[in-house]
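Below is one structure, written out as structure tokens; the observations come after it.
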Amino acid sequence: MRFILLFSIICFFASCKNQTEQESKKDTTSEENVAVSEDERKSGDSLIFPGEKYFKSLRQVTFGGDNAEAYWSPDGSQLIFQSNYKEWGLDCDQMFIMDADETFENKMPKMVSTGKGRTTCGYFMPDGEHILYSSTHLDHDDCPPVPEKTPGRYVWPLYDSYEIFVADLEGNIVSQLTDTLGYNAEATISPQGDKIVFTSTRTGDLELFTMDIDGSNVKQITDNIGYDGGAFFSPDGSKLVFRAHHLEDEEEINHYQGLLDENLIEPSKMEIFVCNADGSDMRQVTDLGQANWAPFFHPSGEKIIFSSNFESERGFPFHIYMIDIDGTNLTQVTNSETFDSFPMFSPDGKYLVFSSNRYNGGGSDTNVFIAEWQE
């Protein structure tokens with residue numbers, strides 16, 4: 001979500017999202033999830049939990065709603081994120097940008113999507129003057145319907161009206177990069193500025209594809225049965241890291257394909273994989289069980305930071321972890337008892353932005369935090 005739905009926290013993740021729906025993200029009993037003062041939330045080390053040794057300081061920058069998938073501009077001065085905050089008049093996710101040193105309490109940041117349909121997976125273009133994101137607005141002005149909740153089944157929708165667009169920082173769409181029936185989303189860009197990786201159902205399965213920065217030269221990267229998505233390039237653009245659930249059991253495959261026919265997926269099982277940017281030399285990095293997702297490369301290119309609930313007995317909480325690309329040296333980064341995910345290092349490696357349920361007073365709000373990184 002890179003799918004951000006946002007995922008259902010207790011069941012599992014959502015992403016590029018896949019969209020920002022974390023209806024169940026609550027932990028009203030946690031002493032760590034209490035509200036704190038305005039001054040404490042905005043700066044300093046008072047928001048850092050014991051054991052979060054990689055954080056030199058931590059600052060909260062949004063204050064209400066579901067705010068997620070915050071990603072840096074190429075120069076590290078701005079962030080793009082998606083939000084469904086009803087106080088801003090939203091019924092589902094739209095795209096916003098903000099200066100990295102701003103906070104947004106009692107005011108709305110700048111919207112850069114159309115305000116129509118539903119959006120997901122925003123990212124800055126290499127010039128820093130344009131953004132790309134996926135949207136359903138060509139299909140309908142209103143928000144698309146959310147799947148009916150069924151006890152014991154946790155799904156998120158793969159809207160087949162999602163197409164990938166480029167817009168300027170005033171919200172004017174300047175080009176459409178995909179025009180294919182099916183889910184086209186979870187797009188991110190190589191630091192070299194030449195390639196886009198995205199997830200699509202155009203082959204009848206959820207696979208990774210790359211295309212040139214103008215939408216041409218589309219190439220399929222994965223071909224395993226099962227979900228492949230949420231991909232990011234390595235700092236040098238030579239590799240991809242992504243989340244996946246590959247299937248071999250016939251019963252599981254039939255169940256998965258049946259959900260795809262309904263434009264749905266169950267995101268409760270995911271592991272982290274890496275491969276070369278052309279899809280070669282694919283390797284599984286984690287084998288932890290449950291939901292491992294939202295991976296991003298460490299500035300060194302030799303480690304991966306990601307979110308997981310593998311230590312959780314009830315599917316919750318989600319912590320952020322770091323691991324070497326060969327699957328060794330697993331280290332826990334965050335230590336709240338809520339939801340921490342969507343980590344992304346700033347281009348200079350000095351800061352980490354992520355989304356969290358911490359300090360929301362025991363409610364379901366997901367907010368954006370920026371940590372000053374230290375190792």
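The values are calculated or read from the model by the stated rules, or taken from the named source; none is laboratory data. None of these values were measured; they are calculated from a predicted model. Cβ atoms come from the backbone with ideal geometry, glycine included; neighbour counts cover every protein chain shown.
A few remarks follow.
- Looking across segment 109-131, the residues that are part of a strand (DSSP E or B) and of a type outside the set (Gly, Ala, Ser) come down to Lys110, Met111, Thr119, Thr120, Cys121, Tyr123, Phe124, His130, Ile131.
- Of everything in segment 24-60 that is among the hydroxyl-bearing types (Ser, Thr, Tyr) and modelled with pLDDT under 95, the residue that is nearest to Phe104 (Cα to Cα) is Ser43.
- Residue among Phe354, Phe339 that alone is closer than 24 Å to Phe273 by Cβ and in contact with a Lys or Arg (Cβ under 7 Å, 6 or more places away or on another chain): Phe339
This table checks each residue for (1) at positive phi; (2) touching a residue at least 40 places away in the same chain (Cβ under 8 Å).
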| residue | (1), (2) |
| --- | --- |
| Asp287 | no, yes |
| Ala291 | no, yes |
| Ala294 | yes, yes |
| Gly301 | yes, yes |
| Ser312 | no, no |
| Phe316 | no, yes |
| His319 | no, no |
| Ile323 | no, yes |
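- Looking only at segment 298-326, and only at residues there that are of a type in the set (Phe, Trp, Tyr) and touching a strand residue (DSSP E or B) at 6+ places or on another chain (Cβ under 6 Å), the one that is farthest from Gly237 (Cα to Cα): Phe318
- Residue that is nearest to Thr120 (Cα to Cα) [pool: residues in segment 61-106 that are touching a helix residue (DSSP H, G or I) at 6+ places or on another chain (Cβ under 7 Å) and either at pLDDT 95 or above or not polar (S, T, N, Q) (or both)]: Gly65
- Answer from Met108, Met98, Met125 - the residue that is surrounded by 13 or more Cβ atoms within 10 Å (Cβ to Cβ), out of contact with any strand residue (DSSP E or B) (no Cβ under 7 Å at 6 or more places or on another chain) and in contact (Cβ under 8 Å) with a residue 12 or more places away in the chain: Met108
- Residue match in segment 136-148 (condition: at pLDDT 95 or above, closer than 24 Å to Pro267 by Cβ and under 16 Å from the mean Cα position of the chain (by Cα)): no
- Every test in (1) in contact with a Leu (Cβ under 7 Å, 6 or more places away or on another chain); (2) over 22 Å from Leu58 (Cα atoms) is passed by Arg314 save one, and that test is (1).
- Search result, residues across segment 208-248 that are basic (Lys, Arg) and more than 19 Å from the chain's Cα centre (by Cα): Lys219
- Yes/no for Ser308 being without any contact (Cβ under 8 Å) to a residue 60 or more places away in the chain, buried (at least 23 other Cβ atoms within 10 Å of the Cβ) and not β-branched (Val, Ile, Thr): yes
- Enumeration of residues in segment 193-238 that are of a type outside the set (Asp, Glu), in a loop (DSSP other than H, G, I, E, B) and under 19 Å from Asp281 (Cβ atoms): Ile221, Thr222, Asn224, Ser234, Pro235, Gly237, Ser238
- So Ile323, is it farther than 30 Å from Gly64 by Cα, of a type in the set (A, V, I, L, M) and either modelled with pLDDT of 95 or more or touching a Cys at 6+ places or on another chain (Cβ under 6 Å) (or both): yes
- Within segment 56-91, if we keep just the residues that are assigned to a strand (DSSP E or B) and hydrophobic (A, V, I, L, M, F, W, C), the residue that is surrounded by the fewest Cβ atoms within 10 Å (Cβ to Cβ) turns out to be Trp72.
- Filter result for Tyr256 (free of Cβ contacts under 8 Å to residues at least 60 places away in the same chain, in a helix (DSSP H, G or I) and of a type in the set (Phe, Trp, Tyr)): yes
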